[in-house]
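Visitor: Input: one structure, supplied below.
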Amino acid sequence: DTEVTQTPKHLVMGMTNKKSLKCEQHMGHRAMYWYKQKAKKPPELMFVYSYEKLSINESVPSRFSPECPNSSLLNLHLHALQPEDSALYLCASSQGTGSNEKLFFGSGTQLSVL
Amino acid sequence: QQPVQSPQAVILREGEDAVINCSSSKALYSVHWYRQKHGEAPVFLMILLKGGEQKGHDKISASFNEKKQQSSLYLTASQLSYSGTYFCGTGGQYNFNKFYFGSGTKLNVKP
């Protein structure tokens, strides 16, 4: 199994809603990532978990809250988002933390904030 | 911190060649290349490590010059399936998890 699975594929939420994005991998990878991608732009790094611990937070607003319940699962909890947060949210994983580790991406969650 | 790519966009006919460049203002220890088709996730193409090596993948190859802090992706005899946006990417020396993508190059191969 070489897949990273993200759910839901599409999400529409209001600015007062609370929702969560889910990411799962069963490749035994020990690093997991959240990226945000706006249309026609490169993916922007948000968070990195390494061995289930948050290792990188790229100064992301607190309305985004990541969680790594176990080595296979990564969540992104959303609360009080703004319309400018509408984007494609990509999850990725890698075997480890070395420079020769390739990233495997999920197909993403297309988020629209109304 | 984000690598810069050039050109921003390329239009090719099938069978033509293209070169995409990636440069960084910071030291590069390795370079990744990914391709993303519209509405899909980025897909890994190759990794180049220090040493100026050149790698190949079908008719797509790449070079890496760490002294110049540059990498180039070469697409030869392009096929329709090569269309998409190409990103280079790199991480930090001591924390490669801090992985940043380049600005992207959109490639459109026409029949």
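The values are calculated or read from the model by the stated rules, or taken from the named source; none is laboratory data. Keep in mind that what you see is a predicted model, and the values were worked out from it rather than measured. Every residue, glycine among them, receives a Cβ derived from its backbone with ideal geometry; neighbour counts consider all protein chains shown. Side chains are part of the model used for accessible areas, which takes the heavy atoms of the whole protein and leaves out ligands, DNA and RNA. Shrake-Rupley method; radii C 1.70, N 1.55, O 1.52, S 1.80 Å.
Visitor: Among A:Leu88, A:Leu78, A:Leu74, A:Leu103, which is within 12 Å of chain B (Cβ to nearest Cβ) and at pLDDT 95 or above?
Guide: None of the other options fit; the residue is A:Leu88.
Visitor: Turning to a different aspect of this structure: Working only within region B:1-37, note down all residues that are at the interface with another protein chain (Cβ under 10 Å from one of its Cβ atoms), closer than 17 Å to A:Tyr35 by Cβ and not in a strand (DSSP E or B).
Guide: Once the filter is applied, which keeps residues that are at the interface with another protein chain (Cβ under 10 Å from one of its Cβ atoms), closer than 17 Å to A:Tyr35 by Cβ and not in a strand (DSSP E or B), region B:1-37 yields B:Gln1, B:Gln2, B:Pro3.
Visitor: Within region B:63-81, track down each residue that is in contact (Cβ under 8 Å) with a residue 24 or more places away in the chain and either among the acidic types (Asp, Glu) or touching an Asp or Glu at 6+ places or on another chain (Cβ under 9 Å) (or both).
Guide: Residues satisfying the conditions are B:Phe64, B:Glu66, B:Tyr74, B:Leu75, B:Thr76, B:Ala77, B:Ser78, B:Gln79, B:Leu80.
Visitor: Tell me the residue from A:Lys41, A:Lys19 that is touching a residue at least 40 places away in the same chain (Cβ under 8 Å), open to solvent by 60 Å² or more (accessible area, probe 1.4 Å) and either more than 11 Å from chain B (Cβ to nearest Cβ) or over 14 Å from the mean Cα position of the chain (by Cα) (or both), please.
Guide: On inspection, the qualifying residue turns out to be A:Lys19.
Visitor: Same structure again: If the requirement is being loosely packed, with under 15 Cβ neighbours inside 10 Å and touching a strand residue (DSSP E or B) at 6+ places or on another chain (Cβ under 6 Å), which of these qualifies: A:Ser94, A:Ser99, A:Ser112?
Guide: Matching residue, one of A:Ser94, A:Ser99, A:Ser112: A:Ser112.
Visitor: Return the only residue of B:Ala62, B:Ala41 being within 14 Å of chain A (Cβ to nearest Cβ), open to solvent by less than 30 Å² (accessible area, probe 1.4 Å), under 17 Å from A:Leu103 (Cβ atoms) and not in a strand (DSSP E or B).
Guide: Within the list B:Ala62, B:Ala41, the selection yields B:Ala41.
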